[in-house]
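Take a look at the structure set out below.
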Amino acid sequence: MDDHEVGAKTMQRQVIEFGGLPVGIAVPDGEKLRFIAVKFHVIALDDRRFASAGEIRMAIRHHLQSAEARPLEAA
C-alpha cells in the first residue's frame, strides 16, 4: 500500500478552513492526517494526528470553544 492510501481512499494534502478562513493544512501521515497549524489560535493542535479532515475541524471547534482559546477574530 502506498503511504498516501488508506483502504480505497487516497489521502492528499488539504487546506483546513474554519469559519471561512484557512487555519492549517492536513498532510498524510501513515493512515492518518497530521494537522499543521498556520494560525496562532489553533497552535495547540499543531502536529496532532487525526482520522479525517472532519475530525480536525471538530477538534478546532472544541478547542476554540474552550476557555483558554482566543476568539477567531482576534487571531
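Taken together, the values in this text are just the output of simple stated rules run on the coordinates, not laboratory data. Given the structure is predicted, the values throughout are model-derived calculations rather than measurements. Neighbour counts are summed over all protein chains in view; Cβ atoms, including those assigned to glycine, are modelled from backbone coordinates with ideal geometry.
Applying 0.36 nm per residue to the separation of Ile36 and Glu17 and subtracting their alpha-carbon distance, the gain on full extension is 5.6 nm. In terms of packing, defined here as the mean over residues of other Cβ atoms within 10 angstrom, the peptides 37-48, 12-23 line up highest first as 37-48, 12-23.
Here the simple spin-label model places points 7 Å from the Cα toward Cβ, and for Arg49 and Ser66 these points are separated by 2.0 nm.
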